[in-house]
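Below is one structure, written out as structure tokens; comments come after it.
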Amino acid sequence: MNVSIEVELFGQRMKNPTMLASGILGTTADLLLSAVKGGAGAVVTKSIGKKPRDGHANPTVFEYNCGMLNALGLPNPGIDHFEKELSKLKGKEIFFIGSVFGSDGSEFSELAVRMERAGASAVELNLSCPHAKGLGAEIGSDPESVEIITQAVASSVEIPVIAKLTPNTSDIVALGKAAERGGADAVVAINTLKAMAIEPYLRKPALGNVIGGLSGQAVKPVGLRCVYELYEALDIPIIGAGGIESGIDAVEYLMAGASAVQVGTAIRGKGMAIFAEICAEIEDFMRSEGYKEVGDLRGLAHD
């Protein structure tokens, strides 16, 4: 049986519902293109700020058998350098989303405008990093701040605006509704969970920043719950993220209500070929269960 896993998002066609998540190898034009060659339907850049940022001191990564803990601290080359890097994508057939972070609506807007100028198909607002002081989840945990920032960006650009939400909250639906009121065209759920690890023989925290963000399979049940709750409350698309490393993982997110999914931590172990693997597994599932269009899976768990 012929099946189609093409999806339409923001009026654009994606060859499949998978995306490279922000912060995972999205630092250069070549790496973004390699994800597309690996089978990703779209790619999200690393989160970029106004000025270069070194991030936190090492150690910044700690691996578990069920996921990964990181406290990178949003290291990035700054928008001036990154605009030049993105110019290498001009003329390429690539659906890329520019991720930005800032301290207020004005800063987010300025960065979003520059991402639009650089050719981004959409802009993703990092309102959810759990380990950067004064940024990310520190401002993205307040619905009023989420609405104000989203509104500022939406009124500054023509391209779609996506708000990436934090799971480190008592009510992610309130954050999603705030983003929707502010004019967001979609939300991403979720970013990493605030967490830490201890090195018992050293008698100290495993990360230089002490607190980091947990990603990978360990957070998948949380991500699914957040997508499920948001789907019942919002009218805009939801992009699922958190612990996706197989086609079945992706199908679960789609059935919870996601229109597309982002893949991050799993790339560390499987490489860029994971996108093609996930897509093939989605197609196999659809054939075995009698679904012709991938959109037919969306929200099925709510029936």
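The values are calculated or read from the model by the stated rules, or taken from the named source; none is laboratory data. Keep in mind it's a predicted model, so treat the numbers as computed, not measured. Positions of Cβ are generated from backbone atoms using ideal geometry, with glycine treated the same way; all protein chains shown enter the neighbour counts.
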Q. Has the range 231-247 got any residue that is touching a Lys or Arg at 6+ places or on another chain (Cβ under 7 Å), within 28 Å of LEU125 (Cβ to Cβ), assigned to a helix (DSSP H, G or I) and free of Cβ contacts under 8 Å to residues at least 40 places away in the same chain?
A. no
Q.
Condition first: under 23 Å from ASN209 (Cα atoms), buried (at least 19 other Cβ atoms within 10 Å of the Cβ), touching a strand residue (DSSP E or B) at 6+ places or on another chain (Cβ under 7 Å) and not small (Gly, Ala, Ser). Can you find one or more residues in the range 157-164 that meet it?
A. yes
Q: Can you tell me which residue within the range 85-138, out of those that are more than 18 Å from ALA178 (Cα to Cα) and of a type in the set (Asp, Glu), is surrounded by the fewest Cβ atoms within 10 Å (Cβ to Cβ)?
A: GLU93
Q. Of all the residues that make up the range 54-97, how many are in contact with a Lys or Arg (Cβ under 9 Å, 6 or more places away or on another chain), over 25 Å from ASN191 (Cα atoms) and in a loop (DSSP other than H, G, I, E, B)?
A. 0
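Yes/no per residue for (1) over 16 Å from the mean Cα position of the chain (by Cα); (2) surrounded by fewer than 22 Cβ atoms within 10 Å (Cβ to Cβ); (3) within 27 Å of SER103 (Cα to Cα):
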position	(1), (2), (3)
ASP30	yes, yes, no
GLY41	no, no, no
GLU63	yes, yes, no
ASN70	no, no, yes
Q.
Anything in the range 33-53 that is part of a loop (DSSP other than H, G, I, E, B) and not small (Gly, Ala, Ser)? List them, or say none.
A. THR45, LYS46, LYS50, LYS51, PRO52
Q. Which residue out of ILE238, ILE198 is touching a strand residue (DSSP E or B) at 6+ places or on another chain (Cβ under 7 Å), within 19 Å of SER99 (Cβ to Cβ) and of a type outside the set (S, T, N, Q)?
A. ILE238
Q. Would you pick out the residues in the range 197-230 that are assigned to a helix (DSSP H, G or I), surrounded by 23 or more Cβ atoms within 10 Å (Cβ to Cβ) and in contact with a Pro (Cβ under 8 Å, 6 or more places away or on another chain)?
A. VAL219, GLY223, CYS226
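Count, please, the residues in the range 130-181 that happen to be farther than 23 Å from VAL219 by Cβ and basic (Lys, Arg).
Matching residues across the range 130-181 total 1.
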Q) Before we move on, is ALA280 under 28 Å from THR27 (Cα atoms), modelled with pLDDT of 95 or more and not hydroxyl-bearing (Ser, Thr, Tyr)? A) yes
Q: For ALA280, state whether it is aliphatic (A, V, I, L, M) and under 16 Å from the mean Cα position of the chain (by Cα).
A: no
(Q) Scan the range 214-224 and tell me whether some residue there is modelled with pLDDT of 95 or more, over 17 Å from LEU297 (Cβ atoms) and more than 18 Å from the chain's Cα centre (by Cα). (A) no
Q. Of (1) over 22 Å from MET115 (Cβ atoms); (2) crowded, with 17+ Cβ neighbours inside 10 Å; (3) in contact with a helix residue (DSSP H, G or I) (Cβ under 7 Å, 6 or more places away or on another chain), MET1 satisfies all except one. Which?
A. (2)
(Q) Return the residues of the range 282-296 that are in contact with an Asp or Glu (Cβ under 9 Å, 6 or more places away or on another chain) and either surrounded by 15 or more Cβ atoms within 10 Å (Cβ to Cβ) or part of a helix (DSSP H, G or I) (or both); say none if nothing qualifies. (A) MET286, VAL294, GLY295
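GLY23: within 19 Å of the chain's Cα centre (by Cα) and on the phi > 0 side of the Ramachandran plot, yes or no?
Considered against the rule, which asks whether it is within 19 Å of the chain's Cα centre (by Cα) and on the phi > 0 side of the Ramachandran plot, GLY23 comes out as yes.
Yes or no: VAL173 of a type outside the set (Lys, Arg), at pLDDT 95 or above and surrounded by 23 or more Cβ atoms within 10 Å (Cβ to Cβ)?
Against the criterion (of a type outside the set (Lys, Arg), at pLDDT 95 or above and surrounded by 23 or more Cβ atoms within 10 Å (Cβ to Cβ)), VAL173 does not qualify.
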Q. Can you pull out the residues in the range 249-303 that are polar (S, T, N, Q) and closer than 14 Å to ALA35 by Cα?
A. GLN262, THR265
